[in-house]
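All of the numbers you see were taken from the coordinates with simple rules; none came from a lab. Note that the structure is a prediction, hence the values are computed from the model and not measured. Because the Cβ atoms are built from the backbone with ideal geometry, glycine has one as well, and the counts that use them run over all protein chains shown.
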Amino acid sequence: MTDPVIFAAHFQDAYRRLTLVAAGVTGERQAAEDIVQEAAIVAFEKVEQFQPGSKFSAWMAEIVRRCALNYRRKVQHRRTYAADPAIIAEVQGDATVDKRSPIARNGGELVPDQTAFDDEVSSALQTLSVEARSCLMLRVIENLTYAEISELLGIPEGTAMSHVHRSKSALRKHLSESPKMTRQQR
């Protein structure tokens, strides 16, 4: 595995899954790619620790998870300010901003400016635990089997299945209670 070409090939095969692991841990899809790249550097520097015969993607997933946890801790200490007009208006007591803007038309078609949808889904995903969010994203986006999720994250298969099931239920509940969508718009 010390051959850079072999490492690169394995890394490229696992890249999408590793990105989902990073996004699951941080809750930020924007930072996930950077985290995976950072993890690749760390992994390549420690490639002699890779056990031949073990699964490269599982080894890399653990490194990505640790890099993502470090990133999350670092970001939690930063001061941030709201940029959402609805949140700013709420803080300032401005009632003129419509917080109930539609995100979907009747029939489920998304409106052209669907940032509210992205915000609502992101907000709902943030309510899940790191492990549950990772399991759900790997199952839904990457369409991995529960056995593959189990192997990638180093958890029992039944736990992966449980996380996906409970996460879907939690997201349904959170999104159905969302103030951004009225019953007519759903």
Practice item. Mind checking the full-extension length gain between Thr159 and Thr145? Use 0.36 nm per residue of separation minus the Cα-Cα distance, one decimal, nm. Key: 3.8 nm
Check your understanding: By how many nm would the segment from Gln49 to Glu177 grow when fully extended, if each residue of separation counts as 0.36 nm and the alpha-carbon distance is taken off?
Key -> 41.3 nm
Check your understanding: How big is the gap, in Å, between the Cα center of segment 1-29 and the Cα center of segment 129-150?
Key -> 15 Å
Check your understanding: Taking the simple approach of a point 7 Å from Cα along Cα-to-Cβ for both Ala8 and Ser129, what is their distance in nm?
Key -> 4.0 nm
Point to revise | Packing rank of 141-149, 33-41, 19-27, where each peptide gets the mean count of other beta carbons within 10 Å, highest leading | key: 19-27, 33-41, 141-149
Review point. Considering amide H positions built from the backbone, and no H for Pro or chain starts, which residues 5 or more places from Leu128, or on another chain, come under 5 Å of its amide H?
Key: none
